[in-house]
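Everything on this sheet refers to the single structure shown next.
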Amino acid sequence: MPDELNSRVRADFSKARFKSFINQAISVLSGQRPTTLLSYDEIKEKLHIGGPIYRGVKTIRVDQIAGSLNRYHEFDRAFLPKEDQLASRWQKVDRAFYQDVNLPPVVLYKVGEVYFVVDGHHRVSVAREQGQTFIDAEVRECATRVNITPNIKPEDLEILGAKVHFLERTALDNIRPEANIKLTIPDGFERMLEHIAVHRYFMGLDMRRDISEQEAVAHWYDKVYMPIVE
């Protein structure tokens, strides 16, 4: 029985490695599917996230785990192992799965709708490969002014980073909490900042008084942006 189990976990790892190779090949050929795990440090730098705040042990959907704190080069976006040197630890966790051994919860950071692994990369990888839908995790949530999802692409991150800068400059999410501006070009938010500055200038001329930035942002959103959208 031990020999049979050893053969099974070796075969599982080989299959996972092959699937990872295929994912990378498809990504190179198509140039579309993101195969690299999201980097927490990159997200933190570009989106200026806060926290993390401890949220306790929760049951998390495995397919929402799409990033890593410090091992994003070792697994692909589907959490398949990208390196042969991961075999020993991966197979040990896989063996525990077959033996129905209870492992401790993984540790995750939550940003928007995405979870980043702090501890437990191999457990997440095996769980996903074995078809588990959920996994127990200690969750620490990080505050963010924009939402991100597990299928986010590098170009999406650039635009969201620009949106964070826009919100920090204008405080539109505080002035008009219902506002949800979506753009598809990286410099779109910079253009909007310029537009608001010009709008503020002409408001001052029309009203013959100083216009606060907050008043200008609110007036621009209500009288310029929303009518155009509608």
Problem - Top-ranked residue in region 167-187 [being surrounded by fewer than 15 Cβ atoms within 10 Å (Cβ to Cβ) and of a type in the set (S, T, N, Q); ranked as nearest to ALA143 (Cα to Cα)] - result: ASN174
Handout entry: Extreme residue, nearest to VAL107 (Cα to Cα), among residues of region 131-175 that are acidic (Asp, Glu) and not in a helix (DSSP H, G or I)
Key = GLU138
Fill in the blank from the handout: Scanning region 201-221 for residues that are assigned to a helix (DSSP H, G or I) and either open to solvent by 90 Å² or more (accessible area, probe 1.4 Å) or touching a residue at least 40 places away in the same chain (Cβ under 8 Å) (or both) gives TYR201, PHE202, LEU205, ASP206, GLU213, GLN214, VAL217, ALA218, TYR221
Problem - Members of region 64-76 that are surrounded by fewer than 19 Cβ atoms within 10 Å (Cβ to Cβ) and at pLDDT below 95 - result: LEU69, ASN70, ARG71, HIS73, GLU74
Completion exercise
Condition set within 15 Å of the chain's Cα centre (by Cα) and part of a helix (DSSP H, G or I), scope region 53-86, selection nearest to PHE116 (Cα to Cα): answer is GLN64
Handout entry: Options VAL101, VAL107: the member that is more than 20 Å from SER20 (Cβ to Cβ), of a type in the set (A, V, I, L, M, F, W, C) and in a loop (DSSP other than H, G, I, E, B)
Key = VAL101
Problem - Filtered residue count, region 38-51, keeping only those that are of a type outside the set (Lys, Arg) and either modelled with pLDDT under 80 or surrounded by 15 or more Cβ atoms within 10 Å (Cβ to Cβ) (or both) - result: 8
Exercise for the section: Output the residue which, of all residues in region 178-189 that are in contact with a Phe, Trp or Tyr (Cβ under 8 Å, 6 or more places away or on another chain) and not β-branched (Val, Ile, Thr), is modelled with the lowest pLDDT. Expected result: LEU183
Exercise for the section: Identify the residue in region 13-37 that is open to solvent by less than 20 Å² (accessible area, probe 1.4 Å) and in contact (Cβ under 8 Å) with a residue 60 or more places away in the chain and, among all such residues, is farthest from VAL93 (Cα to Cα). Expected result: SER20
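The values are calculated or read from the model by the stated rules, or taken from the named source; none is laboratory data. The model shown is predicted, which means the values in this text are computed figures rather than measured ones. With ideal geometry, Cβ positions are generated from the backbone for all residues, glycine too; neighbour counts draw on all protein chains shown. Protein only, heavy atoms only, side chains kept; ligands, DNA and RNA dropped before computing areas. Shrake-Rupley method; radii C 1.70, N 1.55, O 1.52, S 1.80 Å.
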